[in-house]
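Notes to accompany the following structure.
The values are calculated or read from the model by the stated rules, or taken from the named source; none is laboratory data. All figures in this text were calculated on a predicted structure; none of them were measured in a lab. Positions of Cβ are backbone-derived with ideal geometry, glycine not excepted, and every protein chain shown enters the neighbour counts.
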């Protein structure tokens, strides 16, 4: 069993101190707020989709690690969150239907914004947009980890 310590940390002190988002001018407070929102969104979606906690935790780790090497300003948060959830559900062998993920995340985002939460249908253009974002987010995450 590998033990984590400060000698083999996954994120260096430099990465913790100065993230790409902070280099682009985002305050630490705003960055933390956005990261927290992303994690809450993943947690809520996972509960509604009846995913195991390990899927939600993996997706949250993927999002946070992604933003230690990429700026929030230079990537679409919704795409990264969707992609991380899809990737985590595959990696943890609890895959979800893409349509289910999109429907749940769409409803949660609308609720957060105070909008009405009608069910997003597959034939709607917004469904296609979110589907493409999910795939793009998944690819962006994999590209960052495979470097």
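Values as computed for the structure displayed
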quantity	calculated
Any chance residue 119 is more than 30 Å from residue 17 (Cβ to Cβ) and modelled with pLDDT of 95 or more	no
Hits in segment 38-51 - residues which are touching a residue at least 40 places away in the same chain (Cβ under 8 Å) and surrounded by fewer than 18 Cβ atoms within 10 Å (Cβ to Cβ)	44, 48
Selected residue (criterion: surrounded by the most Cβ atoms within 10 Å (Cβ to Cβ)) from residues of segment 52-67 that are more than 13 Å from the chain's Cα centre (by Cα) and assigned to a helix (DSSP H, G or I)	54
Subset of segment 18-51 [outside any helix (DSSP H, G or I) and closer than 28 Å to residue 96 by Cα]	49, 50, 51
